[in-house]
């Protein structure tokens, strides 16, 4: 796997990845599932990459490619469209609390950084 899995984009849950090669001679692939099959805390979001082919053609290189495709798709996030607008909105919620304007901007920047890590 070329990169680590990000948290679930829907619930923030921990994803698990499963790979398979099918002994019935029809291929294999990889699936990423939020929470995994045995954890009740995930939302069940999933992404799968698979390929049908003769079993003897399905090798480690092909499996690695499918795993990389699944991870890349799972980790893809839409960009924030209006980062400065979001920063101002966060500031607006914080302003008026018992903080200075600079403290509100610092807090808004910290919250925005946390959001950007998630998306």
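Take 105, 18 and order them by how many other Cβ atoms sit within 10 Å, fewest up front. Don't skip to the end; give the middle numbers.
Working: 105 17, 18 14.
By the 10 Å Cβ count, ascending, the order reads 18, 105.
What is the order of 8, 34, 43, 104, fewest Cβ neighbours within 10 Å to most?
Details: 8 21, 34 24, 43 14, 104 18.
In increasing order of surrounding Cβ atoms, one gets 43, 104, 8, 34.
Kindly put 111, 32, 90 in sequence by how many other C-beta atoms sit within 10 Å of each C-beta, fewest to most. Intermediate results must be reported in sequence, preceding the final value.
Numbers: 111 16, 32 22, 90 19.
The fewest-first ordering by Cβ neighbours comes to 111, 90, 32.
Every read-out reported here was derived from the displayed coordinates using simple, explicitly stated rules and does not represent laboratory data. Quantities reported herein were computed from a predicted structural model and do not represent experimental measurements. Quick reminder, even Gly has a Cβ in these numbers, built from the backbone with ideal geometry, and neighbours come from all protein chains shown.
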